[in-house]
1. Label Leu48 and Met1 with points 7 Å out from Cα along Cα→Cβ: what is the distance between them in nm?
2. If you fit an axis through the alpha-carbon atoms of helix 2-55 and take the longest principal axis of the Cα set of the chain, what angle between them do you get, 0 to 90°, nearest 10?
3. Can you tell me the mean projection area, over all orientations, of the convex hull of region 1-75's alpha carbons? Units nm², please.
4. Round to the nearest 10 and give me the degree value, 0 to 90, for the angle of helix 61-78's Cα axis relative to the longest principal axis of the chain.
5. So what is the 222 nm mean residue ellipticity for the chain from helices alone, if each DSSP H run of at least 4 adds -39500 (n - 2.57) and you divide by all residues, rounding to the nearest 500 deg cm²/dmol?
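Read-outs throughout are calculated quantities, based only on the coordinates presented, and are distinct from any laboratory measurement. From a predicted model like this one, the values you see are computed outputs, not experimental measurements. Glycine gets a Cβ as well: all are built from the backbone with ideal geometry, and neighbour counts include every protein chain shown.
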Amino acid sequence: MKHVISQSNQLRKLSNDLVSMYTAIAQKNNSRIYQSTVAMLVIVLALLAGAAFYFKKAIIDRINETLLSIQDIPRVKGT
């Protein structure tokens, strides 16, 4: 009977050790996942800001210039 209890205690210790190892690995992986998520968020926001800047300069500013030119046409003809 003592042998069974001794083996049971050894198995419990091994199980606790394995749970501790798993917890450490899971926490490290969780930290990596969080860091990756933050990095991807920063990259996506930078890309969106770049795209917005490009569209403003390449498209919207040119449309505004064209509209201003069209609005100036009656003034030029009228003077």
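1. Here the modelled spin labels are 6.9 nm apart.
2. Taking the Cα atoms of the chain, the angle to 2-55 is about 0 degrees.
3. Computing the convex hull of the Cα atoms and averaging its projections yields 6.7 nm².
4. Taking Cα atoms only, the helix is inclined about 10 degrees.
5. Calculated at 222 nm, the ellipticity per residue is -33500 deg cm²/dmol.
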